[in-house]
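A.B. asks: Have a look at the structure that comes next, please.
The values are calculated or read from the model by the stated rules, or taken from the named source; none is laboratory data. This one's a predicted model, so the numbers in the text were calculated from it and none came from an experiment. For neighbour counting, all protein chains shown are included, and Cβ atoms are generated from backbone atoms with ideal geometry for every residue, glycine included.
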Amino acid sequence: MTIKNICFDVGNVLINFQPADFLAQKGYGSDKIKTMVTDIFHSEEWGLLDNGDISFEEAFDIIAGKSILSKEEIVAAFDLLPELLSPIEENQRLLPLLKDKGYKLFYISNFTVKYFNMILKRDPLFGCFDDGVISGDLRVSKPDREIFLRAFSRFMILPEESLFIDDILENIDTARVLGMNTIHLQKGDILSKTLKDHKIL
């Protein structure tokens, strides 16, 4: 069936999210980076924030209670997020090209409302999207099938007419089970080439 819709994940597809690499560039040592990545960015609390289940202040306190990091260090790490979440410009530049080819563009992403709103204000090419959903609004996260089903209903699209692009295999697996066409975008993949290989561009 012809692809009419392209649904994007955001992190590591349109926005960088590589905490370890970023912290290394900031001059943090390897032990500190390992602790920060494990205790903050890969923590249960990070997922709860994405899901809108806890506040940032609650997350700071819970993480500080379990980690060797101080609350001040944890808050400082979160303060780096606007810089860490930098645009993947070569991928964002594909959005108007895809729009010009007649595709409807959507996003389905695990993201906090606060930082997603920051991206919407900062990155004008997000204006190419017809619509989108984030976990922080819906209170459900990928790979749960519910976020996809609610997206299909809201966007009024058929999964078999839609292409889903994500960097996490579990999310791809759910999308595929629900009937979507998929691209698993892995580190080092060039999205423009991949889309050309799939005859999308």
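A.B. asks: If you scan segment 19-40, which residues turn out to be under 28 Å from Val133 (Cα atoms) and either β-branched (Val, Ile, Thr) or free of Cβ contacts under 8 Å to residues at least 24 places away in the same chain (or both)?
C.D. replies: Ala20, Asp21, Val37, Thr38, Ile40
A.B. asks: While we're on this one: I'd like the full set of residues that are touching a Lys or Arg at 6+ places or on another chain (Cβ under 9 Å), under 15 Å from Phe8 (Cβ atoms) and not in a strand (DSSP E or B), limited to segment 166-176.
C.D. replies: Of everything in segment 166-176, those that are touching a Lys or Arg at 6+ places or on another chain (Cβ under 9 Å), under 15 Å from Phe8 (Cβ atoms) and not in a strand (DSSP E or B) turn out to be Asp167, Ile168, Asn171, Ala175.
For (1) under 21 Å from Asp9 (Cβ atoms); (2) not assigned by TED's automatic domain parsing to the domain that holds Asp9, each residue gets a yes or a no:
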{"position": "Gln25", "(1), (2)": "no, yes"}
{"position": "His42", "(1), (2)": "yes, yes"}
{"position": "Asp50", "(1), (2)": "yes, yes"}
{"position": "Ala76", "(1), (2)": "no, yes"}
{"position": "Arg93", "(1), (2)": "yes, no"}
{"position": "Tyr107", "(1), (2)": "yes, no"}
{"position": "Val113", "(1), (2)": "yes, no"}
{"position": "Asn117", "(1), (2)": "yes, no"}
{"position": "Pro124", "(1), (2)": "yes, no"}
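A.B. asks: May I pose another question? Can you tell me which residue within segment 102-145, out of those that are surrounded by fewer than 19 Cβ atoms within 10 Å (Cβ to Cβ) and of a type in the set (Gly, Ala, Ser), is nearest to Leu49 (Cα to Cα)?
C.D. replies: Once the filter is applied, the top-ranked residue is Gly127.
A.B. asks: Let me ask something else. Which of the following residues is free of Cβ contacts under 8 Å to residues at least 60 places away in the same chain and in a helix (DSSP H, G or I): Ile63, Ile68, Ile119?
C.D. replies: Step by step, each of Ile63, Ile68, Ile119 is checked, and only Ile63 is free of Cβ contacts under 8 Å to residues at least 60 places away in the same chain and in a helix (DSSP H, G or I).
A.B. asks: Looking at Ser55 and the list (1) within 22 Å of Thr174 (Cα to Cα); (2) out of contact with any strand residue (DSSP E or B) (no Cβ under 6 Å at 6 or more places or on another chain); (3) not charged (D, E, K, R), which single condition is not satisfied?
C.D. replies: (1)
A.B. asks: Something else: Can you tell me which residue is surrounded by the fewest Cβ atoms within 10 Å (Cβ to Cβ) among those in segment 1-40 that are under 23 Å from Leu191 (Cβ atoms) and among the aromatic types (Phe, Trp, Tyr)?
C.D. replies: Phe17
A.B. asks: Within segment 76-91, work out how many residues are within 26 Å of Ser192 (Cα to Cα) and surrounded by 14 or more Cβ atoms within 10 Å (Cβ to Cβ).
C.D. replies: Pass one, segment 76-91, residues within 26 Å of Ser192 (Cα to Cα): 82-91.
With surrounded by 14 or more Cβ atoms within 10 Å (Cβ to Cβ) added as a condition, the list becomes 84-88, 91.
Selection size over segment 76-91: 6.
A.B. asks: When you check Leu163 against the structure, is it in a helix (DSSP H, G or I), modelled with pLDDT of 95 or more and not acidic (Asp, Glu), yes or no?
C.D. replies: no
A.B. asks: For segment 177-200, what are the residues that are farther than 16 Å from Lys4 by Cα and either in contact with a Ser or Thr (Cβ under 6 Å, 6 or more places away or on another chain) or part of a loop (DSSP other than H, G, I, E, B) (or both)?
C.D. replies: Just the residues of segment 177-200 that are farther than 16 Å from Lys4 by Cα, to begin with: 177-178, 184-194, 197.
Answer for segment 177-200, where residues must be farther than 16 Å from Lys4 by Cα and either in contact with a Ser or Thr (Cβ under 6 Å, 6 or more places away or on another chain) or part of a loop (DSSP other than H, G, I, E, B) (or both): Leu178, Leu185, Gln186, Lys187, Gly188, Asp189, Ile190.
A.B. asks: Sticking with this one: Taking interchain pairs and intrachain pairs at least six residues apart, which have beta carbon atoms under 6 angstrom, with the first residue in segment 147-175 and assigned by TED's automatic domain parsing to the domain that holds Asp189 and the second of a type in the set (Lys, Arg)?
C.D. replies: Glu161/Lys4; Asn171/Lys142; Thr174/Arg145
A.B. asks: Since Asp53 meets every condition but one in (1) more than 30 Å from Cys128 (Cα to Cα); (2) acidic (Asp, Glu); (3) part of a loop (DSSP other than H, G, I, E, B), which condition does it not meet?
C.D. replies: (1)
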